[in-house]
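What follows is a single structure, written as structure tokens, with notes after it.
The values are calculated or read from the model by the stated rules, or taken from the named source; none is laboratory data. Please read these numbers as outputs of a predicted model, since none were measured by experiment. Cβ placement follows ideal geometry from the backbone for every residue including glycine, while neighbour counts extend to all protein chains displayed.
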Amino acid sequence: MAIQKVTGEIIENNLLRSDSLAFNTDLLYIDVINDRIGINTSAPGTALDVTGSIRVTGDMIVQGNLDVEGQTSVIDTVNVEVEDPMLLLGRNNSGSDIDLGIMMNRGAGNDNAVIYWNEGEDTFKMVTSSSADSTTSITDTAYAPLQVGKITVDQEIEITDNEIRTLTSNTDLSLSAAGTGNVVFEGTGQVTVPVGTTAQRPQAVIGMIRFNSTTGFYEGSADGSTYSAFDLHQQGVPITKDVYTTGNASTTDFTLTLDPSAANNVIVYVDNVIQEPAQNYTLSGSTLTLTSAPHSGARVIVMHGFD
């Protein structure tokens with residue numbers, strides 16, 4: 001088939017043709033037989049076949065499918081809108097062991113942020129990674145933190161750093177079961193309760209339990225206002241006895257070895273005469289104060305540890 005080169009002015013006789021027409025060899029090639037136009041090609045394979053780059057300064061509307069067969073597609077725009085409610089990653093994936101996800105560029109000097117499906121571990125991950133965006137296997141640098149309003153989990157929660165904590169200062173961390181369910185701790189180890197001194201006691205709450213390092217006893221509250229010690233000893237409870245001998249007739253304050261929780265948990269003798277709480281003595285922390293000073297040389301015995 002002969003290809004003619006148009007010379008001189010383009011006139012109607014040159015454009016109304018039954019054979020192919022080339023302008024400046026194949027800069028613009030019109031394939032009349034196959035109804036195709038080629039730019040920089042004399043063998044157009046589609047209705048419009050361009051060899052080289054295309055620049056469009058206005059809108060471009062593609063009413064058919066858009067098939068990009070290159071290695072990299074760059075969308076240099078502010079907003080991207082996608083009507084399709086489901087994005088498919090890994091098209092033509094044959095089922096090979098590849099990771100799929102979205103990588104976010106965090107700039108020079110920072111590992112990128114990645115949300116992806118780890119095919120080898122069969123799990124979703126949110127990580128930072130130095131892996132290239134062309135990789136099919138993400139190498140995790142570190143797990144990324146996640147902040148959400150609520151998480152619903154159908155199975156177990158596995159914690160790798162062995163700690164659950166609240167970031168809000170001075171607030172309770174609650175574990176609660178729905179309905180009539182219970183919070184159950186299983187295992188062959190132990191449950192460790194809070195440890196603190198008598199001075200560090202929080203406000204009493206019904207059902208609370210802690211270990212008092214001052215008294216050496218576990219304690220809790222049954223009424224929401226006072227503390228009671230738990231008797232966990234199989235034998236008798238060890239009682240502390242403090243003995244004092246007054247050197248004058250003006251001493252009323254005596255420092256005890258421990259900090260009894262209440263005056264009613266203390267037994268006081270002055271010269272072997274039992275004293276009555278409130279009427280004969282008061283208690284503030286580890287300080288016991290007699291209402292009146294005993295005589296010089298009096299023997300004061302204070303027994304405590306009942307709480």
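Test of understanding: among I151, I157, I206, which residue is out of contact with any strand residue (DSSP E or B) (no Cβ under 7 Å at 6 or more places or on another chain) and touching a residue at least 12 places away in the same chain (Cβ under 8 Å)?
From the options I151, I157, I206, the qualifying one is I206.
So is D253 over 16 Å from L283 (Cβ atoms) and either charged (D, E, K, R) or in contact with a Cys (Cβ under 6 Å, 6 or more places away or on another chain) (or both) or not?
It is false that D253 is over 16 Å from L283 (Cβ atoms) and either charged (D, E, K, R) or in contact with a Cys (Cβ under 6 Å, 6 or more places away or on another chain) (or both).
Of the residues that sit in segment 26-63 and are among the small types (G, A, S) and closer than 20 Å to D76 by Cβ, which one is farthest from the chain's Cα centre (by Cα)?
The residue in question is G52.
Which residues, counting only those in segment 235-249, are part of a loop (DSSP other than H, G, I, E, B) and loosely packed, with under 15 Cβ neighbours inside 10 Å?
Within segment 235-249, Q235, G236, V237, P238, I239, G247, N248, A249 qualify.
Going through segment 97-137 one residue at a time, which ones are of a type in the set (G, A, S) and crowded, with 16+ Cβ neighbours inside 10 Å?
G101, S129, S131
Do the conditions hold for Y281, that is, is it closer than 19 Å to A199 by Cβ and touching a strand residue (DSSP E or B) at 6+ places or on another chain (Cβ under 6 Å)?
no
Can you name every one of the strands (runs of 3 or more DSSP E) wholly within segment 250-307 that holds 2 or more residues which are buried (at least 19 other Cβ atoms within 10 Å of the Cβ) and among the hydrophobic types (A, V, I, L, M, F, W, C)?
267-270, 287-290, 299-304
Can you confirm whether segment 183-200 contains a residue that is in contact (Cβ under 8 Å) with a residue 24 or more places away in the chain, surrounded by 10 or more Cβ atoms within 10 Å (Cβ to Cβ) and part of a loop (DSSP other than H, G, I, E, B)?
yes
Any idea which of (1) among the aliphatic types (A, V, I, L, M); (2) at pLDDT 95 or above; (3) within 14 Å of G305 (Cα to Cα) is the one I239 doesn't satisfy?
Just one mismatch for I239, condition (2).
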